[in-house]
Amino acid sequence: MLTTIRVNGVDRAVEVDPRTSLLDFLRERVGLKGTKKGCDHGQCGACTVLVNGVRINACLSLAVMHDGDEVLTVEGLADGEALHPVQQAFLSEDAFQCGYCTPGQICSTVGLLAEVAAGQPSEVTADLAGPVTLSDAEIRERMSGNICRCSAYPQILAAVRRAAGAAA
Amino acid sequence: MSTVRDWAAPNPVTENRSGLIGKSVDRYEGRLKVTGTAPYAFEVETPSQPLYGHIVSATIARGRITSIDVSQAAAAPGVVLAWSHLNVPTQAQRGAKLNPRSQRGSNPTLASDRVEHYGQSVAFILADTPENARAAGGLVRVAYAAEDADLDFLSSLDLAGPAPGEEDARVGDFEAGYSASEVTVDDTWFSPLQNHAQMEPCATTAWWEGDKVVVHTSIQMVKGGQHALAETLGIPSDRVRLFTRYIGGGFGGKGQSYDDLTLAALAARESGQPVRVAYTRQQMFQATIHRPAVQMRVRLGADRTGRLNAMALEAVTHCARNAPFVEHAANFARNLYAAPHRLTGHRLVRLDIPHAGAMRAPGEAPGMLSLECAMDELAETLGLDPIELRIRNEPEVDPDNAKPFSVRQLVRCMREGAQQFGWDRRNPTPGAVRDGRWYVGMGMATAIRGNFLLPAKAGLRLTGDGLATLTQGMTDIGTGTYTILAQITGETLGLPLDQVRVELGDSDMPPAPGSGGQFGAATAGSAAFETGMVMRRRLAELAAGDPRSPLYGEDPTLMDFANGNIVLGNRSESLAALAARAGPDGVYVEGGISPAADARDWSQHTYGAQFAEVGVDSVTGEVRLRRMFGVFAAGRILNAKLAKSQITGGMIWGVGAALTESNAVDPRYGSFLHQDLGGYLAPVHADIVNLDAVLLDEADDKANPMGIKGVGELGICGAGAAIANAVYNACGVRLRDYPLTPDKVMAALEAKGL
Ligand code: FES
Ligand code: FES
């Protein structure tokens, strides 16, 4: 099926197999391999991308479902040589080791900051009606869909904090 | 052969005049990783459009394939080839070695109709797209004649036999010493089968250039992979070029190659096109190695003051029937505490299950979960503080062999850790501290992990643009190899970091043993250092012998290196100018490191002390980490930031081992109960709260010329025991069956009437 997805600001019109996941569309059809495949089952978060501004697991979604959608991947974050503040925060805080979960963690952080700014509560938000404060517990909860087997969690927390400061 | 005395003289790294050693510089390859542009094995550019492989796995534990039909799969859309053992191209026989010096023998895939474990490859599909390959895999028809299989570890303990080539280690007379002791502890512990669960599944991209195969694969050991593939294909190893530049986690599980490597190379040869093959997450669990289950009996005998008189740690562990592997869970106990009468050893149960193998801190990781809790039990019996008990049993020399310690700061780790953690606030009475519905407790444990140096080489080129490029057939599995090698090279040559390049993971480069056993940094780093020293001598001689150099005619041994220059008194010349005159390729040297002849005259380890505070939910039995802190001593630290990441990463593995991680063999099929990340519970972000570590100042001058040691595995050692001890302190429940899941905690609380 001819499917057109706007990826990092560029329209990609591709004849895709209906079985193709959004993840394989990105990695194998348009050659954007920054988004990683850790499990292909929605259990690790390595494939996290932003679809119309909302973070999702690209492995759990079929490419044909995203005709006309706007997808942002890790490759679309930096502004030329200048890293996105979240990328810079991950680098400065050493919030990764092998780096395989990192694009997903970074996209997840971008999504998280937007959710918090929009006042969306999480499982650990005490006051569902009030504004969301970005406590450590909020960060840990909201980043728990992204497994890091290298276990860089303390540094990821610091990176999210640093990025949140930069964004504020 | 050098001796450790040769290493004692000051050198550029120990003098550290430009301060690069120890500095918290960002990861060398970090920019590539945060921008998603570091190509992992499955992602490398291919010379032409690649094909995709899919492996079909066996669904029985043991037996024979009675029939296998790949014809329907072969006829499916987009399929290029479909193989079973009946039509796979010829490979060398298992274990065969064309070159006797190969590090690994042939490891053929789809080799026969025999099935030796669930998840073994039985068929392979190559197709134009991943979707077509996988769909065709579902069309392979296999019939088996299943045979009786030994699958369950705990019910097969009577099958345990000696580990091949090993004897129990005995010092003194354990039995007599134990029975003469005033106070004794005798308990048995269980650590379950665990999986590495690296985030990147094993994968290979392969293509052929004439009669040579180029493979990019995810492996920790460059030479091992190159040799295994060459022997399997029956070709000389110089016809296999293996790359492994970025690796999405290894932890020991990628210390060897798997069928993705062999099948990608074979399929690329047969199809004439580049081929990509990756295991699925589900396949990873059984197609690759795992940490075996371990049962450990610990016996401690002490006098009333807490001085150990006798100690024994006896471990029984499993392995696959035809792939012997021993999880050396008792070894660490040989060097940790003083006691005149000692017994340690291992027994092996062979099962018809996937291969057991090395996983981060093999031996110590499960082993310390037993002894370090038994020590707490002894401390409680004696009414002693757990730290005080350990200090009373601090040996002056290695209790196993009476060798002196190179350096041992274990007591300092415990004391400083106690102080910074606030150990004095711990209430020694179990169950005495409540926070709402939570029982709250603190626990500690020690950490010990051996240090090794293996032979390694490196190459170093200095070019006319002033860049130094270090090349080494070494790997960086997230450990920071790229970064520390750049720091060592920069400090050795007096070059700023932006003038240093590091290239790794190529079998054409000077060989290093790879990443594993916590030996990577010391081994690869020492080779890089020695190579830098060779370069210094070469450059000094070039300057001294070149009339165009301002240093012409001077004594090369007096020349120094700083700020990108070679210097003597007030004369200097830039390294760039020197390299430019040497020729278009600049100056290239190779160097290397070997263990010192007398290295084994010292007992050499890294040490630490782990502290944990947990909450135990009195309603659900759930254990939650509240904070965790560790103090470690591991030689000179090359990069404080990266070393700490390694250490805290290890500690989090200890949290997983204590609280969530376990797998089990399904007795019906020989498969693992958990085959995905929803069932196998590696720690997630919300599990980890307030976790921190510090590394003490140290230099181990018996380790290598730089006085550095490894940190990759130390952090996991003892971490889980500290948590288990904290759980006991919180609620008085002593569980000896890891992990400490809510069901077990709840049952134990109920049994206590809580
Ligand atoms: S690859 Fe999508 S969640 Fe793991
Ligand atoms: S950095 Fe390796 S999995 Fe997160």
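The values are calculated or read from the model by the stated rules, or taken from the named source; none is laboratory data. No experiment lies behind these values; they were computed from the predicted model shown. Heads up, the Cβs are rebuilt from the backbone with ideal geometry, glycines too, and the neighbour counts pull from every protein chain shown. SASA here: full protein model, heavy atoms, side chains in, ligands and nucleic acids out. Shrake-Rupley method; radii C 1.70, N 1.55, O 1.52, S 1.80 Å.
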(request) Would you mind computing the Rg to Rh ratio of region A:2-76 from its alpha-carbon coordinates, Kirkwood style for Rh? (result) 0.91
(request) Run the 1.4 Å probe and let me know the accessible area of residue B:21, rounded to the nearest 10 Å². (result) 10
(message) How large is the direction-averaged shadow of the alpha-carbon convex hull of region B:498-563, in nm²?
(response) 6.3
(message) Checking an interface number: how much accessible area is buried between B and A, summed over both chains, with a 1.4 Å probe, in Å² rounded to 100?
(response) 4400
(request) Please report, as a whole percent, how much of the solvent-accessible surface of region A:85-167 comes from carbon and sulfur atoms (probe radius 1.4 Å). (result) 56
(request) Take the alpha carbon atoms of region A:94-168, find their center, do the same for region B:739-754, and report the distance between the two centers in whole angstrom. (result) 33
(request) Rounding to the nearest 20 debye, state how big the charge dipole of region A:85-167 is about its Cα centre with +1 on each Lys and Arg Cβ and -1 on each Asp and Glu Cβ. (result) 220
(message) Give me P(r) over region B:549-699, computed from all C-alpha to C-alpha distances, binned every 10 Å, as integer percentages.
(response) 8, 20, 18, 18, 16, 11, 7, 2, 0
(message) Once you keep just the Cα pairs under 8 angstrom separated by 6 or more residues, what percentage relative contact order results for chain B?
(response) 17
(message) Quick check: residue separation of residue B:8 and residue B:627 times 0.36 nm, minus the Cα distance between them. What number comes out in nm?
(response) 218.9 nm
(request) Using only the alpha carbon atoms of region B:358-504, find the Kirkwood hydrodynamic radius as the inverse mean reciprocal pair distance, in angstroms to one decimal. (result) 20.0
(request) Report ³J(HN,Hα) in whole Hz for each residue of region B:248-265, in order, from the Karplus equation J = 6.51 cos²θ - 1.76 cosθ + 1.60 where θ = phi - 60°; Gly and Pro get x. (result) x, x, x, 6, x, x, 10, x, 9, 8, 10, 5, 4, 5, 4, 5, 5, 5
(message) If you take every residue apart from residue B:347 with its C-beta less than 14 Å away from the C-beta of residue B:347, what net charge results, scoring Lys and Arg +1 and Asp and Glu -1?
(response) -4
(request) Go ahead and run the numbers for FRET between residue B:211 and residue B:155, Cβ-Cβ distance against an R0 of 56 Å, rounding to 0.05. (result) 0.60
(message) Buried by at least 30 Å² relative to the chain on its own: which residues of region B:198-220 qualify, computing accessible area with a 1.4 Å probe on protein heavy atoms?
(response) B:199
(request) Run through the DSSP bridge list for chain B and note the antiparallel percent, rounded to the nearest 5. (result) 75
(request) Quick one: pull the percent of accessible area on region A:2-76 belonging to carbon and sulfur, 1.4 Å probe, ligands and nucleic acids left out. (result) 52
(message) Using each residue's phi in region B:440-452, evaluate 6.51 cos²θ - 1.76 cosθ + 1.60 at θ = phi - 60° and report the 3J(HN,Hα) Karplus result to the nearest Hz, with x for Gly and Pro.
(response) 10, x, 10, x, 9, 7, 8, 9, 9, 8, x, 10, 10
(request) Between the chain alone and the structure with every protein chain in place, find the residues of region B:634-654 that drop at least 30 Å² of accessible area; heavy atoms, 1.4 Å probe. (result) B:641, B:645, B:652, B:653
(request) Please list, in chain and number order, the residues 5+ apart from residue B:318 or on another chain whose amide H is under 5 Å from its amide H, with Hs placed from the backbone. (result) B:293, B:349
(request) Compute the length gained on full extension between residue B:498 and residue B:71: take 0.36 nm times their separation in residues and subtract their Cα-Cα distance, giving the result in nm to one decimal. (result) 148.0 nm
(message) In the protein assembly as shown, if the dipole is taken from +1 on Lys/Arg beta carbons and -1 on Asp/Glu beta carbons about the Cα centre, which of A:158, B:219, B:37 is farthest to the positive end?
(response) B:219
(message) Between region B:539-618 and region B:376-405, how far is it from one alpha carbon centroid to the other, in angstrom?
(response) 41
(request) Mind putting a number on the dipole of the protein assembly as shown about its Cα centre? Charges go on the C-beta only, +1 for Lys and Arg and -1 for Asp and Glu, and I need it in Debye to the nearest 20. (result) 520
(request) State, in angstrom, two size descriptors of the protein assembly as shown derived from its alpha carbons: Rg to one decimal place and Dmax to the nearest whole number. (result) 27.9, 90
(message) Please report the carbon-and-sulfur percent of the accessible area for chain B; probe 1.4 Å, protein heavy atoms only, DNA, RNA and ligands left out.
(response) 48
(request) Could you please put B:701, A:136 in sequence from largest to smallest accessible area, using a 1.4 Å probe? (result) B:701, A:136
(request) At 1.4 Å probe size, with every protein chain present, just tell me what the per residue accessible area of region A:2-76 comes to in Å². (result) 37
(request) Rank these residues by their accessible area, most exposed first, probe 1.4 Å: B:48, A:151. (result) B:48, A:151
(request) Compute the accessible area per residue over region B:406-553, keeping the other protein chains in place, probe 1.4 Å, unit Å². (result) 33
(request) With 5 Å bins from zero, work out the P(r) of chain A over every alpha carbon pair and list the percent per bin. (result) 2, 9, 18, 21, 19, 15, 10, 5, 2, 0
(message) Need one number: % antiparallel among DSSP beta bridges in the protein assembly as shown, to the nearest 5.
(response) 75
(message) What whole-number distance in Å separates the alpha-carbon centres of region B:82-105 and region B:410-433?
(response) 56
(request) Report, as a whole number in µm² per second, the diffusion coefficient that Stokes-Einstein gives for chain B at 37 °C and 0.692 mPa s using the Kirkwood radius over alpha carbon pairs. (result) 119
(request) Would you please classify the overall shape of region B:223-342 from the alpha carbon gyration tensor, given that a ≥ b ≥ c denote the square roots of the eigenvalues, rounded means a/c under 1.5, and beyond that prolate means a/b larger than b/c while oblate covers the rest? (result) prolate
(request) Just reorder B:380, B:29 by solvent-accessible area, largest first, 1.4 Å probe, all chains present. (result) B:380, B:29
(message) Could you tell me the calculated FRET efficiency between residue B:427 and residue B:112, based on Cβ-Cβ distance and R0 = 60 angstrom, to the nearest 0.05?
(response) 0.45
(message) Under a Cβ-only charge scheme (Lys and Arg +1, Asp and Glu -1), can you give me the dipole magnitude of region B:172-325 about the Cα centre, in debye to the nearest 20?
(response) 500
(message) Counting C-alpha atoms alone, how compact is region A:85-167: give Rg to one decimal and Dmax as a whole number, in angstrom.
(response) 12.2, 39
(request) Please name which of A:35, A:7, A:63 has its Cα lying farthest along the dipole of region A:2-76 towards the positive end, using unit charges on Cβ (Lys, Arg +1; Asp, Glu -1) and the Cα centre as origin. (result) A:35
(message) Per residue, how much accessible surface does region A:85-167 expose to a 1.4 Å probe? Answer in Å², no decimals.
(response) 32
(request) Pairs of Cα atoms under 8 Å, at least six residues apart: use those to get the relative contact order of region A:2-76, whole percent. (result) 41
(request) Report which residues of region A:115-164 become buried by 20 Å² or more of accessible surface when going from the isolated chain to the complete set of protein chains (1.4 Å probe; DNA, RNA and ligands ignored). (result) A:140, A:144, A:147, A:149, A:150, A:151, A:153, A:154, A:155
(message) Just to check I understand the Karplus step: with θ = phi - 60° and J = 6.51 cos²θ - 1.76 cosθ + 1.60, what whole-Hz values come out for region A:35-45, glycine and proline as x?
(response) 6, 9, 10, x, 9, 6, 10, x, 10, 10, x
(request) Please work out how much accessible surface residue A:33 shows to a 1.4 Å probe, ignoring ligands, DNA and RNA, in Å² rounded to 10. (result) 40
(request) Of the options B:264, B:316, B:253, report the single residue whose Cα projects farthest towards the positive end of the charge dipole of region B:249-327 (beta-carbon charges: Lys, Arg +1; Asp, Glu -1). (result) B:316
